[in-house]
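Notes follow once the structure below has been shown.
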């Protein structure tokens, strides 16, 4: 059995579909209020802050995928993420379960440096510190040989369905609402964006590749990197109309942070938009050369098609 922890998000949903399609029908979905993705899914309601519930959720699993996310709340992250990670690690060690940790890039330096699996952790802000802490918790267990685990790391998302990201919010949600698009800080810095279904497909692939364990992997992206100006131009071509946008300077976000908790939580993520974001995926491409990555144009076309279906 393969188990998805934190099963209500977009990554988890796509992961469940991919596991069913190519690997197994024996899938357990775990969250406080899990919902089936596939007809054959088994649902398990659990609060992973509770060690006993975490243990029961993982019991009987060959592989557990940690895809759990929390709201953008620094205090909640500091209080809950380390405890959840510890409970999951303890349960996996007890049950002999492999752990696949779906990670992000918050702990990386937010500058122009090319990011590889060997990049040092230099987080900016409280949420970045938390991601550094829980990743190091797992790395220490892996180095000691106490758990068979693998880390799958993804840059910023864009994608279909309920994908949550700055790009989806500022660009695709704005297109749906017929509003002017927004770009944070700069429209000419290169971005590394991952298509959420690709992230899930690659995570499933790594999780079911025995020799991939014991390592960190950058998940695959379209390596024809674009800046937001080029990305929006491409979207304009796909949608068949000129999409206008405005670049939001840092001081506007700073003012917004005085009145909005969400804007305040966003502050520590802003530096990455003032620099080129180069997320190197050569390790994955070399190991899995047959993996087909969705191009930006293909992704935008799928989002457009999905929007038209809803309308």
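No lab work stands behind these numbers, since they all come straight from the coordinates. In this text, all values refer to a predicted model and were calculated from it rather than measured experimentally. Every residue, glycine as well, gets a Cβ built from its backbone with ideal geometry; the counts of neighbours run over all protein chains shown.
On a 0 to 90 degree scale, rounded to 10, what angle separates helix 126-144 from the longest Cα axis of the chain? That works out to roughly 40 degrees. When Cα extents along the principal axes in Å is computed from the coordinates, the matching label among [x] 55, 38, 38; [y] 78, 48, 35; [z] 69, 45, 39 is [x]. Packing order of peptides 44-52, 220-228, highest average first: 220-228, 44-52 (average count of other Cβ atoms within 10 Å over each peptide's residues). For the chain, the longest principal axis of the C-alpha atoms and the axis of helix 10-22 are separated by about 60°.
As a rough footprinting exposure proxy, the listed residues 121, 251 were ranked by other beta carbons within 10 Å of their own, and the order from fewest upward is 251, 121. Fully extending the segment from residue 111 to residue 162, taken as 0.36 nm per residue of separation minus the present Cα-Cα distance, adds 15.5 nm.
In which sequence would 142, 301 go, from the one with the fewest C-beta neighbours within 10 Å to the one with the most? It would help to have the intermediate numbers written out before the result.
Working: 142 21, 301 16.
With the fewest neighbours first, 142, 301 line up as 301, 142.
Out of every Cα pair in region 232-311, what percent are spaced more than 20 Å from each other? So the portion of pairs separated by more than 20 Å is 62 percent.
The helix-based estimate of mean residue ellipticity at 222 nm for the chain, built from -39,500 (n - 2.57) per DSSP H run of four or more residues and divided by its residue count, is -12500 deg cm²/dmol to the nearest 500. Given 20 °C and 1.002 mPa s, how large is the Stokes-Einstein diffusion coefficient of region 1-141 in µm²/s, with Rh as the Kirkwood radius over Cα pairs? Answer, rounded: 137 µm²/s.
Give me the percent of DSSP beta bridges within the chain that run antiparallel, rounded to the nearest 5.
Values: 2 of 34 bridges.
Close to 5 percent.
Hey, what angle do you get for helix 196-207 against the long axis of the chain, alpha-carbon based, 0 to 90 degrees rounded to 10? The angle comes out at about 30 degrees.
Sorted fewest first by neighbouring Cβ atoms within 10 angstrom, 211, 173 come out as 211, 173.
Only Cα sites of region 144-204 enter the Debye sum here, all with the same form factor; the resulting log10 I(q)/I(0) across q = 0.26 1/Å is -1.14, listed in q order.
With the convex hull constructed from alpha-carbon coordinates only, region 193-258 shows a mean projected area of 7.6 nm² over all directions.
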